[in-house]
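The values are calculated or read from the model by the stated rules, or taken from the named source; none is laboratory data. Note that the structure is predicted; figures quoted are calculated from it, not measured. In this analysis, Cβ positions are derived from the backbone assuming ideal geometry, glycine residues included, and neighbour counts consider all displayed protein chains. Side chains are part of the model used for accessible areas, which takes the heavy atoms of the whole protein and leaves out ligands, DNA and RNA. Shrake-Rupley method; radii C 1.70, N 1.55, O 1.52, S 1.80 Å.
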Amino acid sequence: MTSLFLRFLALCSLTLAVACDKAPPPPAQEQGGPALWQVERGALKGWLFGTIHVLPKDVAWDTPPIRDAMAKADRLVLEAADLQDEQKTLGIFEDMGRSPNLPPLEQRVPTKERPALLKAISDGGTSSQLLSGYESWAAAMLLSAASQQALHVSQNNGVEPVLIAAFKKAGKPIGGLETVERQFQAFDTLPPDAQSKLLVQTVHEAKGMNALYDRILAAWLKGDMEAIAKEDQIGEQPDPVVEEAILTARNRDWVKAIEPMTGRPFIAVGAGHLTGKDNLIDLLKDRGFTVTRVQ
């Protein structure tokens with residue numbers, strides 16, 4: 001995906017984005033609503049919903065079709081089974097993301113990229129000394145999260161907390177397609193060169209983050225998956241090793257998790273998993289599922 005920032009928003013169920021007290025007004029809700037599909041095969045008749053994990057305050061996204069699907073569903077299935085446990089998530093991130101005796105962060109990128117890295121660190125209100133204690137993938141995540149402060153968004157305002165609260169209130173179970181450990185493992189097992197490329201691209205994308213997020217949010221609210229897919233193709237392309245590890249391989253694993261399901265699950269995953277090459281919808285269709293757009 002062109003925007004690794006978008007991947008962070010549409011991929012990781014992380015609690016690293018920083019909430020801001022004063023948020024700009026959210027964009028007006030346009031006709032439509034976020035994309036929703038019905039997924040059927042055998043004894044399974046559920047729904048697939050593409051989310052954004054961080055949002056400004058007071059964004060209206062839960063349209064009547066979404067609420068109806070939630071009411072009919074017998075359970076909620078998120079990306080990560082233990083998404084609700086913020087303390088556990090951060091603990092796993094610290095355990096997996098830190099390593100002893102790492103070189104300074106600026107030494108892990110090409111010399112020509114160092115000024116931009118240091119500027120992004122300064123603009124994000126963090127420090128090279130703090131980030132240098134983390135492996136490059138984890139530093140990239142923290143740098144992306146720091147850069148998001150200017151967006152006035154928070155995971156607390158995201159889709160998942162609303163879904164979790166609604167299904168808990170209804171007394172319905174909540175599960176996941178993977179664990180938080182699996183999410184972080186996708187990054188933690190990247191070779192050093194791929195982690196360095198991830199860090200560099202995160203720095204590059206910090207510059208146009210505000211405009212990019214506004215476009216993504218507007219497209220998501222309209223359910224315009226084509227517009228989201230186009231953002232995927234603009235500009236710098238990710239390292240294929242990174243793309244395989246953090247997106248494609250996980251999509252394949254998720255199909256394996258969905259295949260034995262029965263009943264009426266409401267499956268909610270980042271919208272970035274539902275566009276582009278080897279997206280989750282296409283992989284499900286390849287396995288004989290009928291996937292029908294309902295919003």
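The residues of the chain present an accessible area of 43 Å² per residue when probed at 1.4 Å with all protein chains retained.
Each 10 Å bin from zero up to the one holding the largest Cα-Cα distance in the range 247-295 carries the following percent of pairs: 23, 63, 13. Express the relative contact order of the chain as a whole percentage, based on alpha carbon pairs under 8 Å and six or more residues apart in sequence. Contact order relative to length: 39 percent. Once the mean of 1/r is taken over each pair of separate Cα atoms and inverted, the range 46-89 shows a Kirkwood hydrodynamic radius of 12.6 Å.
Shape analysis of the range 154-214 places it in the oblate category; the axes a ≥ b ≥ c from the Cα gyration tensor give an a/c of at least 1.5, with a/b not above b/c.
For the pair Asp193 and Lys45 in one chain, pulling the backbone fully straight at 0.36 nm per residue adds 49.0 nm over the alpha carbon distance. Place a point 7 Å from the Cα of Gln87 along the Cα-to-Cβ direction; which residues of the range 160-204 have their backbone N under 19 Å from it? Only 180-181 fall inside the zone, counting backbone N under 19 Å. Helices that extend 18 Å or more along their long axis by alpha-carbon positions and average at least -1.0 on the Kyte-Doolittle scale are, among the DSSP H runs of the chain, 192-206, 209-222.
Packing order of peptides 86-93, 245-252, highest average first: 245-252, 86-93 (average count of other Cβ atoms within 10 Å over each peptide's residues).
A protection proxy built from the mean count of other Cβ atoms within 10 Å ranks the segments 99-106, 203-210, 153-160, 267-274, most packed first, as 267-274, 153-160, 203-210, 99-106. Take every pair of alpha-carbon atoms less than 8 Å apart whose residues are at least six positions apart; their mean separation over the length of the range 86-140 yields a relative contact order of 49 percent. One quarter of the convex hull surface built on the alpha carbon atoms of the range 75-169 amounts to 7.4 nm², the projected area averaged over directions.
Please state the shape class of the range 176-259: rounded when a/c is under 1.5, otherwise prolate if a/b exceeds b/c and oblate if not, all from the C-alpha gyration tensor. Since a/c reaches 1.5 but b/c is at least a/b, the shape of the range 176-259 is classed as oblate. Residues of the range 37-65 with an amide N closer than 18 Å to a point placed 7 Å from the Cα of Arg287 along the Cα-to-Cβ direction: 37-50.
Subtracting the Cα-Cα distance of Lys119 and Asp214 from 0.36 nm times their residue separation leaves 31.9 nm of extension gain. Rounded, prolate or oblate: which fits the chain when a ≥ b ≥ c are the square roots of the eigenvalues of the alpha-carbon gyration tensor, with rounded for a/c under 1.5 and prolate only if a/b beats b/c? Judged from the Cα gyration tensor, the chain comes out prolate (a/c at least 1.5, a/b above b/c). Of all DSSP bridge pairs formed entirely within the chain, close to 50 percent run antiparallel. Label sites at Ala249 and Lys112, each approximated as a point 7 angstrom past Cα along Cα to Cβ, lie 3.0 nm apart. Lysine pair count for the range 204-291 with Cα-Cα distance under 16 Å and sequence separation of 8 or more or different chains is 4. Candidates Leu44, Val241, Ala120 compared by Cα position along the dipole of the chain: farthest toward the positive end lies Leu44, with charges placed on Cβ.
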